[in-house]
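Undergrad: This structure is in structure tokens; I'll ask about it shortly.
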Amino acid sequence: MLRGNFQVLKYGLGVTALVSGFLLLAFLLWPYVELQLLFRQFEAEKDWLLPWNSFTGRYGFSKAAYVAVKVDLAIILLSSLLGLYKLHHGTARQFLHSLSPVKPIAFFWQKLKQTWQCLPLPEKWIVGITGLTLLVVRTYFLFTMRIGQDEAATYMLFLTKGPPGIIFYYPLPNNHIFYNLLCLPLHYLFSDPYWVVQLPVYFISIISTVVIYLALRSFLPFAAVYLAVSGFSFSYMALFYSVHGRGYFLVAVCSALAAIALIKILERKEDIYWLVFLVCTIAGFYTVPVFLYPFVAMLLFAIKVFVHENDRYSLGRLALVTFFAGFATILLYLPVLMGSGFKLLFFNDYVSRMPMTAFFQNLPGKMAHMQGAILGQETVGFYLWLLAIAGITFLLVFPHPGEKIIRKAGLHTSELFLVWCGSVLPWVMLVLQRVSPPERVFFFKSFFDFLAIGLAVYLAGFYLLKRRKQFWYGIAGGWLLLFGAYEVTKQVRAERSIAVLDERFDDRLQAIRQTNARKIFATDIYYSGYLRYEYFKHGVPHFIIDEHRFEPTRNYDLLILNRRRDSIPGLNLSAYNLWFQDSIVKIYLRK
């Protein structure tokens, strides 16, 4: 048992050394003078970030803080390496060899390979056909979708400024830091920003789907795993975020792998699964802070199980992992806290509490719609989830019949309890916070939700089908055809549903750029966002695009007016010619 604690301590010190070394390198490569120039760029972007960012403070920090942090990071790095060396029994060469990630990667590769080799031949065919279909669908969307406004903003605000622009700048929650760092190498390989922000998540989604399926299949039956993973992979949000350069898919993957690691730990498998849980937790938090939702759910699950089993050693290891995960996360967000401040990270407009009365009045409708949207169908999805969670809750609340049913089906109570925690507890946290986030924030939950549905369907079918495996293969094929076709069709229609983004939209943007207009006022969010991106991508110098504040003294070269917006006080159209109009906007060019 003590060996297990020492091993977890090694993992924690190793990760701390890696994180502190990364940050120290960043501080050493960018001197204080260069960072000051970068902070001036941050200040210059305040106007066009209104009203999404109403920050009135100043970006940056003192030189004394810069020097102090470098010294502290160096101390943390050296202390971590020294601690690792003291815990290692062997020569210095063996110690350096132990820091290599090759051995853990080879271990997991062998585990996944063994799982695949043990699968029945019909399952291999079904999984292979499903995987190929998913690859084709995601590749199709990769080549047919346009860059989103959030992705365009990510490229303009963060990626073009290099590593310091990513790790120090947090004007909006739009900065999914770890994912943006993964995109950064492609910034030097591709001239088109589209591929810079899209390709990392595309490859992450393909690889992680295979890993999650095989990892789940190592301890769960085919029917539950197939319904869960295929449902998650073909869901509307997964199809969208698997090819859109945001960090939400990465957070979902980190949640899934961390949950699987916990199950492996409960099975008393190798200590290396603590490393998986630790790394996934840090990566999830460093991508988007909303990883707090799945992390708290999994943490409470683990505490409950370890306390129930009177497993003090596992509780101690869990405490160690939680400490190192929290410490590493604080270190990683230290540049953001220094450069952008505490308020922008923790008290931005997107996490403000709603009045209690308004929150609880909207909660039933919000919950039903949001839960259904996560599963890909706003009405049926909610009721399907509710039915599955009700069934699992019954089995957990009434252990006498429940445990017998679960064990007879070849499952464990802990597996159902983990799924219940990941699916239900985030809603409890949201109620306690009284916030109303967009559906994408809870996308991570779709893994737990589909797994809950998969387990519920498997348990029902186990008794109804009397272990007739051939029926499960037919159900899997029917599920793929019906659900997959519905979700893909829904995604295609959604892309065509925004009227302003017609097939000539990009041509109009290029035509506007060719007019040499440098001062533009736009009241349509699509034109203003994509036009800014168009100008930025082509290196147009010294342009101004006002969106929310009309400045008469600027004598705008071009006006883009949404027909549905109110009239603009002080706007005189006599100095302009009508350049273009449709049912959505009117565009005027100065005479």
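Undergrad: Distance in nm between label sites at Phe203 and Phe471, each 7 Å beyond Cα in the beta-carbon direction?
TA: 4.4 nm
Undergrad: Also: Which peptide among 453-460, 385-392, 570-577 comes first, and what is the full order, when sorted by highest mean count of other Cβ atoms within 10 Å?
TA: My ranking of the peptides, most packed first, is 453-460, 385-392, 570-577.
Undergrad: Once every DSSP H run of n ≥ 4 in the chain is given -39500 (n - 2.57) and the sum is divided by its residues, what mean residue ellipticity at 222 nm do you get, rounded to the nearest 500 deg cm²/dmol?
TA: It lands at -22500 deg cm²/dmol.
Undergrad: Of Trp479, Trp579, Trp427, Trp109, which has the most accessible area and how do the rest follow, probe 1.4 Å?
TA: Most to least solvent-accessible, the answer reads Trp109, Trp579, Trp479, Trp427.
Undergrad: Taking 0.36 nm per intervening residue step and subtracting the Cα-Cα distance, what contour gain separates Tyr463 from Lys490 on full extension?
TA: 6.3 nm
Undergrad: Taking each full run of DSSP H in the chain as one helix, which ones are at least 20 Å long along their axis (Cα atoms) and have mean Kyte-Doolittle hydropathy of at least 0.5?
TA: 2-29, 63-87, 121-144, 193-217, 248-266, 272-287, 292-308, 312-339, 380-397, 413-433, 445-464
Undergrad: Please calculate the 1.4 Å probe accessible area of Lys269, with all protein chains present, and give it to the nearest 10 Å².
TA: 100 Å²
Undergrad: Once you keep just the Cα pairs under 8 angstrom separated by 6 or more residues, what percentage relative contact order results for segment 1-490?
TA: With pairs under 8 Å counted, the relative contact order is 21 percent.
Undergrad: Hey, another quick one. Percent of alpha carbon pairs in segment 516-590 separated by more than 20 Å?
TA: 24 percent
Undergrad: How big is the charge dipole of segment 212-332 about its Cα centre, in debye rounded to the nearest 20, if each Lys and Arg gets +1 on its Cβ and each Asp and Glu gets -1 on its Cβ?
TA: 60 debye
Undergrad: For segment 495-544, state the semi-axes of the equivalent ellipsoid (square roots of 5 times the eigenvalues of the alpha-carbon gyration tensor), sorted largest first and rounded to whole angstrom.
TA: After diagonalising the Cα gyration tensor, the semi-axes are 20, 11, 9 Å.
Undergrad: Calculate the dipole size of the chain relative to its Cα centre from +1 charges on Lys and Arg beta carbons and -1 charges on Asp and Glu beta carbons; express the result in debye to the nearest 20.
TA: 880 debye
Undergrad: Relative to the Cα centre, what is the charge dipole magnitude of segment 316-447, using +1 at the beta carbon of each Lys and Arg, -1 at the beta carbon of each Asp and Glu, and rounding to the nearest 20 debye?
TA: So the dipole magnitude of segment 316-447 works out to roughly 180 debye.
Undergrad: Sort all Cα-Cα distances of segment 1-490 into consecutive 20 angstrom bins from zero, then give the percent of pairs in each bin up to the one containing the longest distance.
TA: In order of increasing distance, the bins hold 22, 56, 22, 1 percent.
The values are calculated or read from the model by the stated rules, or taken from the named source; none is laboratory data. Model, not experiment: these values are computed from the prediction. In this analysis, Cβ positions are derived from the backbone assuming ideal geometry, glycine residues included, and neighbour counts consider all displayed protein chains. Only protein heavy atoms, including side chains, enter the accessible area calculation; ligands, DNA and RNA are left aside. Shrake-Rupley method; radii C 1.70, N 1.55, O 1.52, S 1.80 Å.
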